[in-house]
Every structure is written in structure tokens, then in C-alpha cells.
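Worksheet: one structure, shown below.
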Amino acid sequence: MKKFTNLIIVDASSSMRSKEAEVRDGLKDLLTDIRKDIKKSKDMKTRTIVCQFSSANNFKVLLDTKKRKKIKESIADGYKPSGMTALYDAIGQGFSLVGKKQTGVFVNILTDGDENASQEYTHESVKKLIEEAKEKKWGLTFMGTTEDAIQNAVAMGVTIGNTFQFSNNRQGVNTSNLKKKMSRDKYYTSVVASASLDEIDNLNLMEDDAVSGIVVDISKKTSDTTTDNK
């Protein structure tokens, strides 16, 4: 019996308030997909963890379950932005929730800002955790709104093909939601089909027809930004 963990880590700092509804909708869609996969994959034990983070000591687990029936869309309604961005602490605390001897672990980290509040974890300690996770073939993905955020993620050890830069508006969040689902589907399918750890493909999960792992959603950027500011 294979073991699979979904670990979703979402920025809930105050700057996410203008995109709150879109984040919730994306989480609801993702939870629906996870429920469908659990129903189809009888030989896979699945655990689903959804976390939100903001300031230091404000890391909140919205969902942590191994039961399909407990994965409900209403979980996403608990997402409430406030505070700063303790990104390193969120990654470290999120990783610590994952059990041992997992066949596959899909991690998605979404943020619209840079680290500015962590107290427990540092860039170097998180980098070590990420490198260890990659050795275990975790599907580690990162989505941010700035080039600096993407570059920092790569500096922490995230594979560039597993990153996605999205526009800092509602349309951008909607696009990131689609990318999140796409990357999880790719990784999950690989884990289901694999006979060994070596066969799991955890690279280029955010890429489709794009040349680079850094893809910026620029479609309708001007009109969407204008709409958001009205």
C-alpha cells in the first residue's frame, strides 16, 4: 500500500486580502480533486494537510486528515489573511507535519510577498529541509508574485521547473490555482504509476509548453489590475 501526502501551504498575510476569494475558490477546487483521486486510487493511503501562515507564531492548520469524508470544500472558508510573512517558519513547520516513509509528498507553497517575519527557521535551515525532501522525491512546488520571490525559492533549493510566477491580482491567483492543480496531477500520476522511488518524476511540474519554469501570467494584466483597484 502506497502512502501519499498533500501539503498545501498558503500565504495568509494581510496583502492577500484583495485576493482572498480567489484563494478560497482555488482551495475548494483542489480539495474536490483530491477527494476524486482518493476514491479512484484504492491502493493509496492519502493524507491531506492544508495550512495558512502569516506572522511568526501564526501558523494555522486548516485541515489534517487521512479520511476522504473529512475533506470538505468548507475547509477553505477558514482561510483569513492578516499579519506579516513568516515564510521560512511556515515551510519548516509544514514539513514537520509530514510522516515518515511516504511514497510521495506533493508540496505547494503560495505567497505574494517575501520573507519578513520568521523567528524559528532561516534560509539555510529551510534549504537543508528542501534538499532532503528532493532526495526523497517529494514534488515540491512554489508560486510567487515577484521575480525576487522565485529567485529566493530557487536559492532555497526549489527546482526552477517547479516554480511559477503569477500576476499579483485576482486573475493571477486564478491562473496559479490552475497551475497548482496541473502540477499535483502530474506528480500524483507519476507516484501512482511508479514501482520504485527512482521512477517518480518530481521535476518540471509547473511546466507545460513553456520554455522556462518561470511563467508570468500577463494576459489581461492591465485590465485586471484596473478592475481590482476600483
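The values are calculated or read from the model by the stated rules, or taken from the named source; none is laboratory data. As the structure is a computational prediction, the values presented were derived from the model and not from experiment. When we count neighbours, we look across all protein chains shown, and the Cβ atoms used for this are built from the backbone with ideal geometry, even at glycine. For the accessible areas, the whole protein counts, side chains as well, though only heavy atoms, and no ligand, DNA or RNA atoms are used. Shrake-Rupley method; radii C 1.70, N 1.55, O 1.52, S 1.80 Å.
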Can you pick out the pairs among 28/136; 19/180; 128/181; 40/181 whose Cα atoms lie more than 20 Å from each other?
28/136; 128/181
What percent does the relative contact order of the chain come to when contacts are Cα pairs within less than 8 Å and at least six residues apart?
21
Please give the helix 123-135 orientation as an angle from the longest Cα principal axis of the chain, in degrees from 0 to 90, rounded to the nearest 10.
40
Tell me the per residue accessible area of the chain using a 1.4 Å probe; a whole number in Å² is fine.
47
Which of 124, 207, 115 ends up with the largest GNM mean-square fluctuation for the chain, with Cα atoms connected below 10 Å?
124
P(r) over all Cα-Cα pairs of the chain, 10 Å bins from 0 to the longest distance, whole percent per bin, short to long, reads 8, 35, 40, 16, 2, 0
Residues of the stretch 81-110 with the amide nitrogen closer than 16 Å to a label point 7 Å from the Cα of residue 125, along Cα-to-Cβ, please.
86-97
Suppose every K and R has +1 on its Cβ and every D and E has -1 on its Cβ; what is the size of the dipole of the chain about the Cα centre, in Debye to the nearest 20?
1500
Helical mean residue ellipticity (222 nm; -39500 (n - 2.57) per DSSP H run of 4+; nearest 500) of the chain:
-12000 deg cm²/dmol
Out of 177, 169, 57, a Gaussian network model of the chain with alpha-carbon springs under 10 Å gives the largest mean-square fluctuation to 57
I'd like the orientation of helix 20-40 relative to the chain: the angle between its Cα long axis and the longest Cα principal axis, in ° from 0 to 90, rounded to 10.
10
What is the set of long-range amide H partners of residue 62 at a cut-off below 5 Å, with H atoms built 1.01 Å from backbone N?
50, 51, 52
Across the stretch 49-113, how many lysine pairs separated by 8 or more positions, or lying on different chains, have Cα atoms within less than 18 Å?
6
